[in-house]
Ligand SMILES: [Zn+2]
């Protein structure tokens, strides 16, 4: 009954708002009315498992997103990624307006989770928290885009020139199949709004993200019987441990540089001195140049060995680039802060990276425009197995701010 009433009232509000034009009060009213509907969309989105490698799941969530777009009268397009058998396709929609600004809305539909995890994190609402698998990262982003589009359409907002929606399915594995498209879209946009989440500790608009690299440390020793002749062996695991311990101090938090050894493996059976060992470190930096410095130190440190007859090598594989604040992104963020002020919503501008890396960085690679991040919802527990949630109270302000921004943005 409550649900019926919401739908009924919404229709009336939309009709009224369209007649009056899309003034801030109408946008505010409609954004509030969207909250229960956005929750329904979130429930649908998180109830489809869509891990980055789960191509069947990704196809299913893509169909849901397309159906939502089509229901608004928007044509959608599926853009295949290559290789198509390893990453899910993207969904794109373009909306023409009467203005000149080219605005892109990006989010991702894939998650870090595996098939079967849904049972442990089903959708549920407790107070102000909506829990679910991948709900903060990044199904809330997808839902916010869909409901922003509904608002624009209901309020007849067409002050932009062209609005492009691009939702990819491989963000959590580094966007190998979509990064080129995202970079191209950024290049052709005056404003890119990326819909990853912000924090439950305080809402923010993010202008910087870290770049990511992986260091791989490999040790080759010599195998030998661990009972009969251990002295003949050269223990690769001992050498690896020594190397990791002497390279555990390479982080420089003040510079945004973080290097943490996170995975290691050695040996094949318990009764053999291991001849091979390998470890991986996750490396984050604010500037690509910081990686060059880290690489130099890594290559220097490995020369100090515990076991002389072992061979130690280290490689640094650079992944996603960093997103750095620019004058244009700061100007767009100031506009966001002003719009938030219209509804007394507290939001801050975050100009330094805190370790995360997102597709906003790809969008910023060759752009002359502004790229701003974290237009999903305030959330918590991304990449965890029991506590991922978003704050329901952030839905209304986020829809208001994003709609007003699209309405008023001037390149
Ligand atoms: Zn994400």
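Rule-based calculations on the coordinates, nothing more; no lab input. Keep in mind the model is a prediction, meaning the values are calculated, not measured. Note that each Cβ is placed from the backbone with ideal geometry, even for glycine, and that neighbours are counted across all protein chains shown.
The figures follow:
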read-out	value
Efficiency of FRET from Cβ geometry, residue 292 and residue 35, R₀ 41 Å, rounded to 0.05	0.30
Stretch gain in nm, segment residue 317-residue 222, where the contour uses 0.36 nm per residue and the Cα spacing is subtracted	31.5 nm
Within a Gaussian network of the chain (alpha carbon springs, distance under 10 Å), most fluctuating of 231, 66, 77	231
Pairs of Cα atoms farther than 26 Å apart, the chain, %	57
Virtual spin-label span in nm between residue 365 and residue 348, 7 Å along Cα→Cβ	3.2
DSSP beta bridge pairing in the chain, given as percent antiparallel to the nearest 5	70
Linear extension gain, residue 309 paired with residue 246, 0.36 nm per residue minus alpha-carbon span	20.9 nm
Packing-based ranking, highest mean first, of 375-383, 144-152, 32-40 given that Cβ atoms within 10 Å are counted	144-152, 375-383, 32-40
Contour excess over end-to-end distance, with Cα ends at residue 264 and residue 187 and 0.36 nm allotted per residue	23.8 nm
Sequence ranges 212-222, 338-348, 82-92, 165-175, ranked by mean other-Cβ count within 10 angstrom, highest first	165-175, 212-222, 82-92, 338-348
Degrees separating the helix 24-46 axis from the principal Cα axis of the chain, which is the longest one	50
